[in-house]
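A short worksheet on the structure shown next.
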Amino acid sequence: MKSKKFIFNNVVGLFALTLFISMLISGWLIFEPLTILIIVFFVFAYFHKKLNSLISILIFGFIYDGSLGYLFGFTNLIFLEIILMDFALKKLISLKTQRSQYYPIVLIVNGLLFSLILNHSTSHLIPYLIVNLIIGYIYFFSLMKYGR
Amino acid sequence: MLLSAKKRKGSSLFNRSKISINLTLVLFIFNFFIFAANQESVFFKSIKHSLNLTPYSLSFFLDNLSNGIDSVHQYFHFKKTLIEENHNLQNQLYLLNNQILLQENLILDNLELQNKLEIKEKYFDHSVIAKILKINYSGKNHHFLINKGRSDQIQAGHIVVDDKGILGQVIDVQTDRSTVKTIRSKDFYLTGYILIKNKPYQTLVQGNNQSLTINYFSKNIPIQIGDSIFTTGDDMFIPEDVRIGKVAKLQPSGLKDFYKVIIQPASNPNQQKYLIVLK
């Protein structure tokens, strides 16, 4: 129980950090919506923190949507799509090592593209992708290094 | 390398048997319906309003933070300015107080000078008003320095008076300074008369460093405490009928039929700034 609580609290802290950084970056209103951070957080929490509770994830998603002014269900859809993609890849591809370094990145990019399908309001697609990928790369490996 | 950091025990990507794919699909569809629903309704708006943490609110917070920092800076700047202003005002107040004191001193000086001038005009035609410079001059008791000297035709022997009576005698004269010995000095002798029942009785008065004494005064004369004593005058410098003082005590002398009379001088140089030198 204690370890579960610890993990959950840790995830809550990471979510708060993600939310704060998202708001901080979105404060400049350059490339909205900046979804890459929450995607990275979901992937990290799902695969590395073993956050099994889907309810928690959904609550986080709703809070994130409400806080940043997105449509409700936006981030949750991305996350659930990532999980479905994970299931699909698991069925279709068999990796021998089962510890591919690039697998979470593939899922993150997949989530980002799915977010573009859901919300294609941005007119600067290439800069949007570049900025999101750079920020996501930095954030993901920062979490890998310091968040575990 | 950052990528190599992932090779840890927790990096199990394909072991997530706990999550049911059916549940995930149901949730996905449910979320899609929510996402596609009209979110302009009151229900969604109220939730969004309660979560009110949009980037705008963050920028509002940041703007207000900078305003707050500015306000704090302004407060300290204002406080510093106020302290400086207060300091300047205190300095000005100090100067003004000094000026007021100087003016009060001037008024007092003027009053005293007017008093002395009136005395001079009324009683002593040939006189000059002098200012006391130093009391107990050169460490001598009952001596003081005045700011008039030979250039004002002051001579040694001239008598000095104040508004109460005789005060002393000039003993040394320089160009613009003179030394005065008071009547309280031990070696100061003066001839005076005591008015007793409107009848004068001549006597010799001597200083004793504290007051004046008449060493032998006949007990047959009905002298009383409070009787006044005046100068007899001489042909040289001492004028007539200038008050010396009052009888303060009658003490027994060495001789049976005589009193030793203690006289309290009328004048007091410590209470004066200006004196009249009689020429």
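Bear in mind these aren't lab numbers, they're just calculated from the coordinates by the rules spelled out. Computed from a predicted model, the values in this text were never measured in an experiment. Glycine gets a Cβ as well: all are built from the backbone with ideal geometry, and neighbour counts include every protein chain shown.
Mean per-residue shielding of peptide A:79-86 is 5, counting Cβ atoms of other chains within 10 Å of each Cβ.
Result for chain B in a Gaussian network model with C-alpha springs under 10 Å: among B:190, B:23, B:96, the largest mean-square fluctuation is at B:23.
Each part gets one Cα centre, and for region B:90-167 versus region B:236-267 those centres are 27 Å apart. Lysine pair count for region B:189-266 with Cα-Cα distance under 16 Å and sequence separation of 8 or more or different chains is 9. Quick one: among B:202, B:174, B:74, which has the greatest mean-square fluctuation in a GNM of chain B with alpha-carbon springs under 10 angstrom? Between B:202, B:174, B:74, it is B:74 that shows the largest mean-square fluctuation. In this calculation the C-beta distance from residue B:197 to residue B:83 is compared with R0 = 60 Å, giving a FRET efficiency of 0.20.
Scanning chain B for DSSP H helices at least 20 Å long along the axis (C-alpha atoms) with a Kyte-Doolittle mean no lower than 0.0 picks out B:21-36.
Largest mean-square fluctuation among B:264, B:114, B:90, in a Gaussian network model of chain B whose springs join Cα atoms under 10 Å apart, belongs to B:90.
In chain B, the sites counted are GluC sites (Glu not before Pro) in DSSP loop states with at most 14 other Cβ atoms within 10 Å, and the longest stretch holding none of them, exclusive of the sites, is B:41-239.
With contacts taken as Cα pairs under 8 Å and at least 6 residues apart, region B:163-279 reaches a relative contact order of 24 percent.
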